[in-house]
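Before any comments, here is the structure.
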């Protein structure tokens with residue numbers, strides 16, 4: 001490794017990106033003055049996360065992650081899982 005190269009630069013960049021994304025989500029949620037609108041924004045972000053998780057399950061190394069998610073997810077989300085898989089298979 002060159003002397004001027006920062007160790008784990010990619011890991012640090014990923015952490016920075018994750019922190020910025022987390023802060024942005026929190027800011028968007030907290031910007032909502034009305035409680036009902038705030039709840040809708042939270043539900044929207046949860047739906048996005050569910051789709052992202054479902055998409056990641058088709059990666060070859062995702063069986064453990066999939067099993068953990070299936071064990072900790074609500075029945076309502078589990079009912080939507082086949083639809084999410086179908087949407088992803090079309091893409």
For residue 43 and residue 21 in one chain, what is 0.36 nm times their gap in residues minus the Cα-Cα distance, to one decimal in nm?
6.3 nm
Determine, for 50, 34, the number of other Cβ atoms within 10 Å of each Cβ, and report the residues in order from fewest to most.
34, 50
Can you compute the FRET efficiency between residue 29 and residue 75 using 1/(1 + (r/R0)^6), with r the Cβ-Cβ distance and R0 = 22 Å? Round to the nearest 0.05.
0.30
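Bear in mind these aren't lab numbers, they're just calculated from the coordinates by the rules spelled out. Keep in mind the model is a prediction, meaning the values are calculated, not measured. Cβ coordinates were reconstructed from backbone atoms using ideal geometry, including for glycine residues, and neighbour counts include every protein chain displayed.
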